[in-house]
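In what follows, a structure is listed as structure tokens, so that the remarks can point back to it.
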Amino acid sequence: MAQKTRLSSNEVANLLMDSPVTVCEWMQNGMLHAEVSGVIKRPFTMGDVAQFTKENGKQFNRPGQGNLRILIINNDLRSAHRLVELLDTLSETAESIVVHNTFDAGRKISGFRPDVVLMEAGMPRQECLEICREIKSGHETRHVKIVAVLESSDNFHKQRMFMAGADFCLEHPVSNQALFDVMGLSPDPSLE
């Protein structure tokens, strides 16, 4: 299969584990070169994206280049176990570990070096906000994608999570497909 040489903002976002909005901000700020003339749907070249990652300390999220490392923060032992089983069963490209509080999460982050932190519903709100801020303020961890699953449609809490650095806030219960989509995972085709 031929490798793509031109990418859309969504494809760059998936490749760098970030949001399309952030990719557009990089482009507007001149950090990521794009060829824009008229209506071009794939303004980014692979070379420009590679140069951007080198200059800004970003990493590619490439299947086949190692598993996506997911740190699950969940104080419900049963729910945490189900999540790990789900990820192990449905995806060959994920490696996950569980911690049951944000203190342990802070200790695990530097050693495990997660690509994604998944915070499950039920964690104390203030602790979730603090760990988001800590992850996004660290030079080595600011690229980590933070996915928060919230108990209800509490827009105030959701807004605070986004302000603290969460990339995605999903409402509980969340479908497996929605969870896989925001983490950039594809279910193992042989299991579908």
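No lab work stands behind these numbers, since they all come straight from the coordinates. Keep in mind that this is a model prediction, so the values were computed, not measured. Cβ: placed from backbone, ideal geometry, glycine included. Neighbour counts: every protein chain shown.
Calculate the radius of gyration of the Cα atoms of segment 68-191 to one decimal place, then report Dmax, the largest Cα-Cα distance, as a whole number, both in Å.
In Å, with Rg to one decimal and Dmax whole: 13.4, 41.
Based on the Cβ-Cβ distance of Thr45 and Gln159, what FRET efficiency does E = 1/(1 + (r/R0)^6) give at R0 = 25 Å, to the nearest 0.05?
On the way: r = 36 Å, r/R0 = 1.44.
Result of the calculation: an efficiency of 0.10.
Pop a pseudo-label 7 angstrom from the Cα along the beta-carbon direction at both His81 and Arg133 and give the gap in nm to one decimal.
3.5
Treat each spin label as a single point 7 Å out from the Cα along the C-beta direction, and report the Asn14 to Arg69 distance in nm.
Simple spin-label model gives 2.4 nm for this pair.
Expected output is a single nm value to one decimal: the length gained when fully extending between Asn29 and Glu151, i.e. 0.36 nm times separation in residues minus the C-alpha distance. What is it? Write down the numbers at each step before the final one.
Details: separation 122, 0.36 × 122 = 43.92 nm, distance 3.61 nm.
Between Asn29 and Glu151, full extension yields an extra 40.3 nm.
Can you work out the PRE-style zone for Glu171? Point 7 Å along Cα to Cβ, and I want the residues of segment 142-163 with backbone N under 13 Å.
Under 13 Å, as judged by backbone N against the label point of Glu171, lie 150-156, 158 of segment 142-163.
With the cut-off at 1.5 for a/c, could you classify segment 6-56 from its C-alpha gyration tensor as rounded, prolate or oblate?
Numbers: a/c = 1.38, a/b = 1.27, b/c = 1.09.
Note, shape of segment 6-56 comes out rounded.
On a full-extension model of 0.36 nm per residue, what is the gain between Glu95 and Thr141, subtracting their alpha-carbon distance, rounded to one decimal in nm?
Details: separation 46, 0.36 × 46 = 16.56 nm, distance 1.75 nm.
Net length gain for the segment: 14.8 nm.
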